[in-house]
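Below is one structure; the comments refer to it alone.
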Amino acid sequence: MKMSVVVIPTYNSKKNIRKLLKEVLRYVPSAKIVVVDDNSPDGTANEIKKHFIKDKRITLVVRKRKGGRGSAVIEGFKEGLKDKKVEFLIEMDSDLCHNPKYIPMMIKKCKKYDVVIASKYLKESKIIGLPFKRILFSKIVNSFIRFMLGIPITDYTNGFRCYKRRTLETLNFGDIRSKGFIVLSEIAFAIHKIGFLFGEVPFVFKFENKNSSNLNFSEIKEAFFTIVRLRLSNLYV
């Protein structure tokens with residue numbers, strides 16, 4: 001029987017994680033969940049242990065320090081791929097912006113594609129609650145990446161994705177150098193170069209975490225130089 005794994009990177013997600021895990025299991029009860037927590041000081045890992053310690057569908061990986069969303073997801077992929085029954089691997093954020101109800105649709109579409117992205121920028125999609133400056137920044141970043149890399153997708157920065165097993169198995173994770181959110185674009189670039197097919201589904205992006213932002217200057221700087229590096233590598237192969 002083919003199975004799915006949902007990979008969720010967490011950092012200070014104590015307030016959201018219980019609700020999110022329940023919702024994931026509600027919509028995909030047969031799935032496994034791998035939570036990769038970067039030793040959250042708010043006790044995210046303890047919250048998971050408290051409420052889900054007996055649920056064999058949930059695996060908790062606690063890292064010693066904060067290493068970035070990208071490396072956390074890759075660690076989750078490696079853990080999920082250990083089970084040979086797993087056919088689809090889904091990554092999503094822990095801040096409730098990604099509604100688990102879209103996971104079954106993504107898995108269904110991924111049967112025809114190698115990776116499926118829930119895109120904020122399809123005509124049928126909606127963005128709720130995200131400040132205008134963040135929307136503008138996101139659109140500028142996406143336009144810049146599209147110009148530089150030319151991957152046939154509309155949303156390069158959304159971390160709500162479904163991959164076929166063979167797609168991730170073909171990648172050499174050791175070649176992925178970025179650590180922050182831009183790892184999403186680097187993985188997409190690697191997949192595109194191999195020749196795998198992308199699909200997208202519309203969804204409602206509801207910005208819930210209004211009091212904080214995961215973005216910082218170092219991640220923005222890393223994103224810029226990563227895209228330039230990938231562009232140059234594509235020009236001089």
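Observations, loosely collected:
- Of all residues in the range 142-176, those being touching a residue at least 60 places away in the same chain (Cβ under 8 Å) and open to solvent by 40 Å² or more (accessible area, probe 1.4 Å) number 2.
- The sole residue among Lys78, Lys64, Lys22, Lys56 that is part of a helix (DSSP H, G or I) and either more than 19 Å from Tyr163 (Cβ to Cβ) or touching a Lys or Arg at 6+ places or on another chain (Cβ under 8 Å) (or both) is Lys22.
- Members of the range 154-176 that are aliphatic (A, V, I, L, M) and either under 15 Å from the mean Cα position of the chain (by Cα) or outside any loop (DSSP other than H, G, I, E, B) (or both): Leu168, Ile176
- Checking the stated criteria, Leu122 turns out to be farther than 23 Å from Ser13 by Cβ and in contact with a Pro (Cβ under 8 Å, 6 or more places away or on another chain).
- Of all residues making up the range 50-63, the number that are surrounded by 14 or more Cβ atoms within 10 Å (Cβ to Cβ) and within 17 Å of Lys14 (Cα to Cα): 8
- Failed item in (1) more than 19 Å from Gly70 (Cβ to Cβ); (2) crowded, with 18+ Cβ neighbours inside 10 Å, with Glu186 passing the rest: (1)
- When Gly199 is tested against the conditions (1) surrounded by fewer than 14 Cβ atoms within 10 Å (Cβ to Cβ); (2) modelled with pLDDT of 95 or more, the lone failure is (1).
- Members of the range 114-129 that are outside any strand (DSSP E or B) and crowded, with 17+ Cβ neighbours inside 10 Å: Asp114, Lys120, Tyr121, Ser125
- Any pair with Cβ under 8 angstrom, 6 or more apart, that starts in the range 64-81 at a residue that is surrounded by 18 or more Cβ atoms within 10 Å (Cβ to Cβ) and polar (S, T, N, Q) and ends at one that is part of a helix (DSSP H, G or I) and modelled with pLDDT under 95: Ser71/Val183
- Among the residues listed as Lys179, Lys139, the single one being within 17 Å of the chain's Cα centre (by Cα), open to solvent by 70 Å² or more (accessible area, probe 1.4 Å) and at pLDDT below 95: Lys179
The values are calculated or read from the model by the stated rules, or taken from the named source; none is laboratory data. Remember, predicted model here, so these are calculated numbers, not experimental data. Every residue, glycine as well, gets a Cβ built from its backbone with ideal geometry; the counts of neighbours run over all protein chains shown. Just the protein is used for accessible areas: all its heavy atoms, side chains included, with ligands, DNA and RNA removed. Shrake-Rupley method; radii C 1.70, N 1.55, O 1.52, S 1.80 Å.
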